[in-house]
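S.K.: First, the structure itself, so that you have it in front of you.
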Amino acid sequence: IMNSYATDTLFQRHFPSTFKESPPLMALGTLQWGTTPIDNNIINGSRGVLSESEARDIYSTFRSKGVVLFDTAEGYGGGTSEKRLGRLRQKEPASDDNNEAIFMSKFLPSPWRYTHAHFESALRASNERMGISKAPIYFLHSPMHLFRSVEFWVEAAASCKRKGLLDALGLSNCSADEVRRAVAAGEKFGIPVIVNQVHFSLLDYNSPALQEMQQCCDELGVSIIAYNSLGQGLLTDNMDEVKFSHNKPAKMMRIQWSDLKALREALRLIAAKHNASMAQVALNWCRSHNVIPLVGCRSKKQASDTLAA
């Protein structure tokens with residue numbers, strides 16, 4: 001199912017050499033790439049910490065297929081996910097500007113962070129951990145704060161841009177109204193706001209708020225990066241009723257296993273028709289809506305299967 005959303009986005013205009021012909025098709029998420037005991041025992045459960053060789057294989061597989069977007073955050077493994085990306089970048093053969101990896105980290109505006117200095121300090125720390133001097137894109141991880149507005153953080157980002165610490169600002173979990181305000185503030189203070197990262201999949205596309213946000217982004221040329229585009233497995237072949245009982249997105253959205261029957265059957269039929277997996281169909285659905293799917297992988301094989309979408 002194709003929709004005619006705009007393809008000439010601020011994202012493409014900001015990285016003209018990299019995305020000259022088309023917008024990015026996919027981004028790799030590194031939420032589970034942390035290396036702390038918490039990552040080993042809680043975040044990744046029985047699977048444990050991803051080994052350095054596994055991370056290298058996944059990274060190399062995505063890079064070999066032309067993927068340049070890598071998503072991380074200061075809170076992913078307490079910064080160890082950022083460090084791991086930095087190590088992988090250092091070991092990577094030199095590439096031209098058209099294929100250079102773009103690392104995207106995030107600032108979390110917690111209650112005890114309420115000044116522009118807090119924003120700048122976090123950005124400098126993330127850049128150092130990733131081994132870069134300037135962030136191509138730095139995200140505001142949430143628009144929510146006890147007393148600081150989204151405009152306040154856009155102004156902080158603009159100040160950092162003038163200091164050469166970042167090129168562009170990204171948003172995360174922002175509504176249509178917040179996107180409009182952030183873009184307007186970016187124009188006022190002098191920093192491009194080019195992307196909004198949100199929960200976006202076949203599971204929640206009927207949400208009026210989500211559709212309003214997408215329409216707003218389309219009008220403003222702001223790209224959308226979709227996390228949980230596979231519902232943490234809900235839209236994949238290997239999901240069953242036992243695994244479903246432990247699925248966090250299902251609990252958050254109060255979905256029952258029976259609610260998924262029609263959707264999963266439709267995905268299965270389309271996948272069978274095209275000799276593909278259900279996950280590949282769901283990812284292509286996102287791309288057909290001019291949305292960049294953000295995916296997570298635990299193995300080289302999983303990476304290869306995902307890239308075949």
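S.K.: Once the Cα gyration tensor of region 179-303 is found, what semi-axes does its equivalent ellipsoid get, as square roots of 5 times the eigenvalues, in whole Å, sorted largest first? Let's see the in-between values first.
M.R.: Working: eigenvalues 183, 50, 38 Å².
Value: 30, 16, 14 Å, ordered largest first.
S.K.: Between 204, 177, 71, find the one with the highest GNM mean-square fluctuation for the chain; connect C-alpha pairs within less than 10 Å.
M.R.: Between 204, 177, 71, it is 177 that shows the largest mean-square fluctuation.
S.K.: Helix 278-288 against the longest principal axis of the chain: what's the angle in degrees, Cα atoms only, rounded to the nearest 10?
M.R.: So the helix axis and the longest Cα principal axis differ by about 40 degrees.
S.K.: HN-Hα J couplings of region 291-303 from phi, Karplus 6.51/-1.76/1.60, θ = phi - 60°, integer Hz, Gly and Pro as x?
M.R.: Computed from phi, the couplings for region 291-303 are 10, 8, x, 9, 10, x, 9, 10, 7, 5, 4, 4, 4 Hz.
S.K.: Using the per-residue mean of other Cβ atoms lying within 10 Å as a proxy for protection, in what order, highest first, do the peptides 279-288, 144-153, 230-239 fall?
M.R.: Working: 279-288: 21.3, 144-153: 15.9, 230-239: 19.5.
Ranked from most to least packed, the peptides come out as 279-288, 230-239, 144-153.
S.K.: Treating the beta-carbon of each Lys and Arg as +1 and of each Asp and Glu as -1, no other charges, what is the dipole magnitude of the chain about its Cα centre, to the nearest 20 debye?
M.R.: Using Cβ point charges on Lys, Arg, Asp and Glu, the chain gives about 580 debye.
S.K.: Moving to a separate point now. Can you tally the net charge around residue 126? Count Lys and Arg as +1, Asp and Glu as -1, for every other residue whose Cβ sits under 12 Å from the Cβ of residue 126. Don't jump to the answer; show the numbers that get you there.
M.R.: Details: positive: 83, 106, 124, 129, 134; negative: 74, 82, 120, 128.
Result for the neighbourhood of residue 126: +1.
S.K.: Helix 80-91 against the longest principal axis of the chain: what's the angle in degrees, Cα atoms only, rounded to the nearest 10?
M.R.: For helix 80-91, the angle is close to 90 degrees.
S.K.: Name the shape class, rounded, prolate or oblate, that the alpha-carbon gyration tensor gives for region 98-151, where a ≥ b ≥ c are the square roots of its eigenvalues, rounded holds for a/c under 1.5, and otherwise prolate holds if a/b is larger than b/c and oblate otherwise. Don't skip to the answer; put the middle values down first.
M.R.: Details: a/c = 3.08, a/b = 1.95, b/c = 1.58.
Cα axes put region 98-151 in the prolate bin.
S.K.: Moving to a separate point now. Could you work out the relative contact order of region 237-300, using alpha carbon pairs under 8 angstrom and six or more residues apart, expressed as a whole percent? If you can, show how the numbers build up before the last one.
M.R.: Working: 24 pairs, mean separation 14.5, N = 64.
Taking the mean separation of contacting Cα pairs over the length of region 237-300, I get 23 percent.
S.K.: Taking the Cα centre of the chain as the origin and placing charges on Cβ (Lys, Arg +1; Asp, Glu -1), which of 303, 183, 26 is farthest toward the positive end of the dipole?
M.R.: Comparing the listed Cα positions along the dipole, 303 ranks first.
S.K.: Could I ask something else about it? Give, rounded to the nearest 20 debye, the magnitude of the charge dipole that region 189-248 has about its Cα centre when Lys and Arg contribute +1 at Cβ and Asp and Glu contribute -1 at Cβ.
M.R.: Values: 2 positive and 7 negative charges, 41 e Å.
So the dipole magnitude of region 189-248 works out to roughly 200 debye.
S.K.: Below 8 Å between Cα atoms, with a sequence gap of 6+, how large is the relative contact order for the chain in percent?
M.R.: Numbers: 529 pairs, mean separation 63.0, N = 309.
Answer for the chain is 20 percent.
S.K.: Kirkwood Rh, the chain, all Cα pairs: how many Å?
M.R.: About 20.0 Å for the chain.
S.K.: Which one of 124, 162, 56 has the biggest mean-square fluctuation once the chain is modelled by GNM with Cα springs under 10 Å?
M.R.: 162
S.K.: Tilt of helix 52-64 relative to the longest C-alpha principal axis of the chain, in degrees (0 to 90, nearest 10)?
M.R.: 90 degrees
S.K.: Quick one: among 49, 242, 183, which has the greatest mean-square fluctuation in a GNM of the chain with alpha-carbon springs under 10 angstrom?
M.R.: Among 49, 242, 183, the largest GNM mean-square fluctuation belongs to 242.
S.K.: Okay, next question. Select from 70, 142, 285 the residue farthest towards the positive end of the dipole of the chain; place +1 on Cβ of Lys and Arg, -1 on Cβ of Asp and Glu, and compute about the Cα centre.
M.R.: The residue sitting farthest along the positive end of the dipole is 70.
S.K.: Which listed residue (198, 81, 153) has the Cα farthest towards the positive end of the charge dipole for the chain, taking +1 on Lys and Arg C-beta and -1 on Asp and Glu C-beta about the Cα centre?
M.R.: In the chain, that residue is 81.
S.K.: Quick check on the chain: of the DSSP beta bridges with both residues there, what percent are antiparallel, nearest 5%? Intermediate values should be presented prior to the final figure.
M.R.: Numbers: 0 of 28 bridges.
Once the DSSP bridges in the chain are tallied, antiparallel ones form about 0 percent.
None of the figures in this text is laboratory data; all of them are computed from the coordinates on show. Not measured: the values here are computed from a predicted model. Methodologically, a virtual Cβ is constructed for each residue, glycine included, from the backbone with ideal geometry; neighbour enumeration extends over all protein chains shown.
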